[in-house]
Amino acid sequence: MFRSLIVSIRPQQWIKNIFLFAALVFSKHLLSSQEVLFVFQGFLVFSFLSSGTYLLNDVADKEQDKLHPEKQRRPIASGALSTSLAISFAFVFLSLGIVWAFRLQQQFGFVAISYFVLNILYSWKLKHIVILDVMVIATGFVLRVLAGAMLINVPASEWLLICTFLLSLFLGFVKRRNEITTLNETAEAHRKVLTHYSVDFLDQMVNIVTACTVMSYALYTISQETIQKFQTHNLIYTVPFVLFGIFRYLYIVHKLGGGGNPSRVIVTDVPLIVNVIAWICTVVYIIYL
C-alpha cells in the first residue's frame, strides 16, 4: 500500500513547483538564505497540494485511465490503492498544505487555495473545454510564480508571468498532441476534449506559442527595465539556451515520440538537463556576478 501511495502522489511531478523560485532568482534575492528557506517551504506546500489533487484526479478519472496504455498501471486505476484510502490521504495532504500556507503568509495562503480550487474546477468541468483546458494548466504555473513572489514580498515581473504562461501553453499543447498520437481511436474515451483537437491543429498552436515564447523572452532580456534592474545588457546571451531547449523538446516530440509527460522528459533527457543547468548557471552568473 505504501508503495502504491508514493506512486499515486507523484513526487516526480513536484519539479513543476520549482517555478516558485523564479521570482527569487530574478529579484536578486537568491543569496538570502532566509528567503530561500521561505520559498522552499512554499515549494513543499505546493507539493502537498499537488499530491492531494493528483489523488482526487485519479479517483475521478479511474475509468478513463483504464483505457490509457500507461495510466492503466496507476495504483487507483489498477485497484492496487482503494478509492476510499486515496480520498483519505488526499484530505490529509490538502489540509496540511493549506494550513502550512496560511502559517507562512496570509496572501500566500489565498493563492494556495486559488491553486487548489482551480485544479478542482479543471477536474470537474474545465478540462472538457477545448483550448481553455490547456490555458487553465498554464494559469496554474503562473499562480506558482505569483506565490513565490508573495513569499519574499516582491512584485512579480510582467515579463516573468508572460514567459511562464507561454512556456506552459507550449508544454500543454504538446502533451495533448502526444495523447492523440498515442491513444489513436481510444483518445476520445480517455479524454473527451481530444475530440476537438487534431494533430494538425495542435501543431499550429504549438508553432504560434513557440514563436511567442522565444520572442517574449528575447524582448525581456533587452528591455530597458531589465537592463536598468540588473545593470547589464548580457542577459541576451541566455537566449540561445532557451532556443535550444525548445528545439530539443520539439525534437523529442516529433522524432522520439515523447512529450506526454513533460516532467519525465526534463529529468531524463541528458541534453535537455545539461542545457537547463547551463541556462540557470549563466543567468545566475550574469545577474549576481
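Residue count for region 133-157 under the criterion of being surrounded by 15 or more Cβ atoms within 10 Å (Cβ to Cβ), more than 16 Å from the chain's Cα centre (by Cα) and without any contact (Cβ under 8 Å) to a residue 60 or more places away in the chain: the result is 1. Filtered by the rule that a residue be modelled with pLDDT of 90 or more and of a type in the set (A, V, I, L, M), region 32-57 gives VAL36, LEU37, VAL39, LEU44, VAL45, LEU49, LEU55. Only one of the listed residues (GLY245, GLY259) is in contact with a helix residue (DSSP H, G or I) (Cβ under 7 Å, 6 or more places away or on another chain), farther than 16 Å from TRP159 by Cβ and not in a helix (DSSP H, G or I). That residue is GLY259. Taken over region 243-260, the residue count meeting the criterion of being free of Cβ contacts under 8 Å to residues at least 24 places away in the same chain and either surrounded by 14 or more Cβ atoms within 10 Å (Cβ to Cβ) or within 20 Å of CYS212 (Cβ to Cβ) (or both) is 4. Counting only helices (runs of 4 or more DSSP H) that fall entirely inside region 122-218 and contain at least 3 residues that are outside the structural domain of GLN72 (by TED's automatic domain parsing), the qualifying elements are 158-183, 187-190. Considering region 58-114, and only residues there that are under 29 Å from PHE40 (Cα atoms) and basic (Lys, Arg), the residue that is modelled with the lowest pLDDT turns out to be ARG74.
In region 98-123, of all residues being surrounded by fewer than 18 Cβ atoms within 10 Å (Cβ to Cβ) and touching a residue at least 24 places away in the same chain (Cβ under 8 Å), the one that is farthest from the chain's Cα centre (by Cα) corresponds to GLN107. Scanning region 76-97 for residues that are touching a Phe, Trp or Tyr at 6+ places or on another chain (Cβ under 7 Å) and either among the basic types (Lys, Arg) or crowded, with 19+ Cβ neighbours inside 10 Å (or both) turns up PHE93, LEU94, GLY97. With respect to the conditions (1) loosely packed, with under 15 Cβ neighbours inside 10 Å; (2) of a type in the set (Ser, Thr, Tyr); (3) over 30 Å from THR182 (Cα atoms), TYR220 lacks only one, and its number is (1). Beta carbons closer than 6 Å, at least 6 apart along the sequence or on distinct chains, never pair a first residue in region 62-76 that is over 13 Å from SER8 (Cα atoms) and not assigned by TED's automatic domain parsing to the domain that holds TRP124 with a second that is at pLDDT below 75 and in a helix (DSSP H, G or I). Per the listing ILE252, ILE236, ILE266, ILE277, the residue uniquely part of a helix (DSSP H, G or I), in the same structural domain as ASN178 (by TED's automatic domain parsing), closer than 29 Å to LEU31 by Cβ and at pLDDT below 95 is ILE266. Inside region 116-172, residues that are touching a helix residue (DSSP H, G or I) at 6+ places or on another chain (Cβ under 7 Å) and basic (Lys, Arg) make up a count of 2.
The values are calculated or read from the model by the stated rules, or taken from the named source; none is laboratory data. Everything numeric here is computed off the predicted structure, so don't read it as measured data. Don't worry about glycine lacking a Cβ; one is built from the backbone with ideal geometry, like all the others, and counts go over all protein chains shown.
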